[in-house]
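Note sheet for the following structure.
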Amino acid sequence: MNHKVTFEPSGKSVLVREGMSLLHAAREAGVYIPTRCGGKMGCLMCKVQVGGPNATQLSPPDEAEKRKLGSLIHSGTRLSCQARVRGPVTVTVPEDKLKAAVRKQLEAARNRDREDDLW
């Protein structure tokens, strides 16, 4: 059975087979999720946010993932290399810190330009 996985904030979606990891689904959708360990739960770089009813559309975290994430597991954080799709789901990929800083600067510059246009 195939399920739709949507990645925010990009809004990109992909249909994947049940049991596929979110990391693999992201690659198929063209969504970048950083990883150094190749999906072996060694680097903890592939964290995503899955909240509310979406959490039930993924495989439950096993004991190893719970240990690795600690208290983050209670706030909806999952390792995309470990979370497997069981139903249609929307996940949020945290924005890279450098990209976020650049985006904020560009938005501030655009806002200043708009204010200048008003005068």
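What are the pairs with Cβ atoms under 8 angstrom where one residue, in region 37-48, is farther than 8 Å from CYS81 by Cα and the other, located anywhere, is open to solvent by 50 Å² or more (accessible area, probe 1.4 Å) and assigned to a loop (DSSP other than H, G, I, E, B)? Sequence gap at least six, or different chains.
CYS37/MET45; GLY42/ARG36; CYS43/ARG36; MET45/ARG36; LYS47/PRO94; VAL48/PRO94
Determine which member of the set ASN54, ASN111 is open to solvent by 40 Å² or more (accessible area, probe 1.4 Å), in a helix (DSSP H, G or I) and touching a strand residue (DSSP E or B) at 6+ places or on another chain (Cβ under 6 Å).
Only one candidate qualifies: ASN54.
Could you run through region 9-25 and say how many residues are in a strand (DSSP E or B) and either free of Cβ contacts under 8 Å to residues at least 24 places away in the same chain or open to solvent by 30 Å² or more (accessible area, probe 1.4 Å) (or both)? Even if it seems obvious, please write down each step before you answer.
Residues of region 9-25 in a strand (DSSP E or B): 12-17, 21.
Narrowing the set further to residues that are either free of Cβ contacts under 8 Å to residues at least 24 places away in the same chain or open to solvent by 30 Å² or more (accessible area, probe 1.4 Å) (or both) leaves 12-15, 17.
Going through region 9-25 one residue at a time, the tally reaches 5.
Identify the residue in region 37-51 that is at positive phi and among the small types (Gly, Ala, Ser) and, among all such residues, is most open to solvent (accessible area, probe 1.4 Å).
GLY38
Would you say GLU65 is among the charged types (D, E, K, R) and either outside any helix (DSSP H, G or I) or touching a Leu at 6+ places or on another chain (Cβ under 7 Å) (or both)? Before you say what the answer is, go through the steps one by one.
Details: among the charged types (D, E, K, R): yes; either outside any helix (DSSP H, G or I) or touching a Leu at 6+ places or on another chain (Cβ under 7 Å) (or both): yes.
Yes.
For every residue, the table says whether it meets (1) among the basic types (Lys, Arg); (2) over 17 Å from the mean Cα position of the chain (by Cα).
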| residue | (1), (2) |
| --- | --- |
| SER59 | no, no |
| LYS66 | yes, yes |
| HIS74 | no, no |
| ALA83 | no, no |
| ALA108 | no, yes |
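Determine whether SER21 is of a type in the set (Ser, Thr, Tyr) and farther than 24 Å from LYS4 by Cβ.
In short, no.
If only one of LEU69, LEU98 is without any contact (Cβ under 8 Å) to a residue 40 or more places away in the chain, open to solvent by 50 Å² or more (accessible area, probe 1.4 Å) and not charged (D, E, K, R), which one is it?
The conditions single out LEU98.
The values are calculated or read from the model by the stated rules, or taken from the named source; none is laboratory data. In this text the structure is predicted, and so the values were computed from the model without any measurement. Cβ atoms come from the backbone with ideal geometry, glycine included; neighbour counts cover every protein chain shown. For accessibility, only protein heavy atoms count, side chains too; no ligands or nucleic acids. Shrake-Rupley method; radii C 1.70, N 1.55, O 1.52, S 1.80 Å.
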